[in-house]
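Encoded as structure tokens, the structure appears first; notes follow it.
The values are calculated or read from the model by the stated rules, or taken from the named source; none is laboratory data. These numbers come from a predicted model, not from an experiment. Glycine also receives a Cβ, built like all others from the backbone with ideal geometry; neighbour counts cover every protein chain displayed.
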Amino acid sequence: MSRWPDLIRDVHDFPKPGIVFKDITPVLADADAFAAAIAALAEPWRAAPPDAVAGIESRGFILGAALAHALGCGFVPVRKPGKLPARTLAQDYALEYGHDRLEIHADALPPGARVLVLDDVLATGGTLRAATALLRRQGAQICGADVLVELALLEGRGRWDDPAPLRSVLVL
Ligand code: AMP
């Protein structure tokens, strides 16, 4: 079986000069690697799966939908502004320069649903933090915030002030 971490590719100066982008598409393209990465994400949740996995646009959709399927639970998309068709709740959050916004459908989850929030990469942590705050405002009980890859240099874990446990499968 392929070792999936070896297939994560560094793309320099994307999307801006100075950024080293962790490209997971080679992991997704390899059947064994994709299965192993999803199995690693699923493993701690098998005994008590969440009611839903909430995946953050866009790579969180790919991993999150596969993880939800593996755990036998539902999937909820956390999207960029203006993409969801029905009534939404929104959360603004700060970026290094400027701000961004995430949205969910207001009726995406029943009150008190146990939700695992998922993204591919933790960098500064702002995106994952905004998603957990948004889902909590919608009434969800956040049982975890998981990423496939944590970028240690960007110190997102040190800034993590959310009560939900933060877990990364791989620290780079
Ligand atoms: P942050 O909010 O700074 O933790 O950024 C995390 C979000 O941006 C995630 O949705 C990632 O997919 C994306 N991201 C940030 N930095 C990188 C990187 N170096 N490589 C790949 N994705 C990244």
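What to note about this one:
- Flag not set for ALA164, criterion: near the ligand (Cβ under 10 Å from one of its atoms) and either in contact (Cβ under 8 Å) with a residue 24 or more places away in the chain or out of contact with any helix residue (DSSP H, G or I) (no Cβ under 7 Å at 6 or more places or on another chain) (or both).
- Taken over segment 1-26, the criterion of being within 13 Å of ALA123 (Cβ to Cβ), at pLDDT below 95 and surrounded by 10 or more Cβ atoms within 10 Å (Cβ to Cβ) is satisfied by ILE19 alone.
- The set of residues from segment 157-172 being assigned to a loop (DSSP other than H, G, I, E, B) and under 21 Å from TRP45 (Cβ atoms) comprises ARG157, TRP160, ASP162, PRO163, ALA164, PRO165.
- For segment 12-35, residues that are within 10 Å of the ligand (Cβ to nearest atom) and out of contact with any Leu (no Cβ under 8 Å at 6 or more places or on another chain) total 6.
- Residues satisfying the stated conditions in segment 105-154, i.e. in contact with a Ser or Thr (Cβ under 8 Å, 6 or more places away or on another chain) and either within 15 Å of the ligand (Cβ to nearest atom) or under 29 Å from VAL20 (Cα atoms) (or both): VAL117, ASP119, LEU122, ALA145, ASP146, VAL147, LEU148, VAL149, GLU150, LEU154
- Only one of the listed residues (ALA94, ALA47, ALA68) is surrounded by fewer than 18 Cβ atoms within 10 Å (Cβ to Cβ), more than 16 Å from the ligand (Cβ to nearest atom) and of a type in the set (A, V, I, L, M, F, W, C). That residue is ALA47.
- First in segment 79-93 and over 20 Å from VAL53 (Cα atoms), second anywhere and of a type in the set (Val, Ile, Thr) and within 16 Å of the ligand (Cβ to nearest atom), Cβ under 9 Å, 6 or more apart: TYR93/THR127
- Unique residue being without any contact (Cβ under 8 Å) to a residue 60 or more places away in the chain and not hydrophobic (A, V, I, L, M, F, W, C) when the list is PRO44, PRO15: PRO15
- Inter-residue pairs, beta-carbon under 6 Å, first under 12 Å from ASP162 (Cα atoms) and part of a strand (DSSP E or B) and in segment 126-148, second away from the ligand (no atom under 16 Å from the Cβ) and modelled with pLDDT of 95 or more, 6+ apart: ILE142/VAL115; ILE142/ARG136; CYS143/PRO50; CYS143/ARG114; GLY144/PRO165
- Just one residue in the set ALA133, ALA106, ALA66, ALA123 is in contact with a Gly (Cβ under 8 Å, 6 or more places away or on another chain) and of a type in the set (Gly, Ala, Ser); that residue is ALA123.
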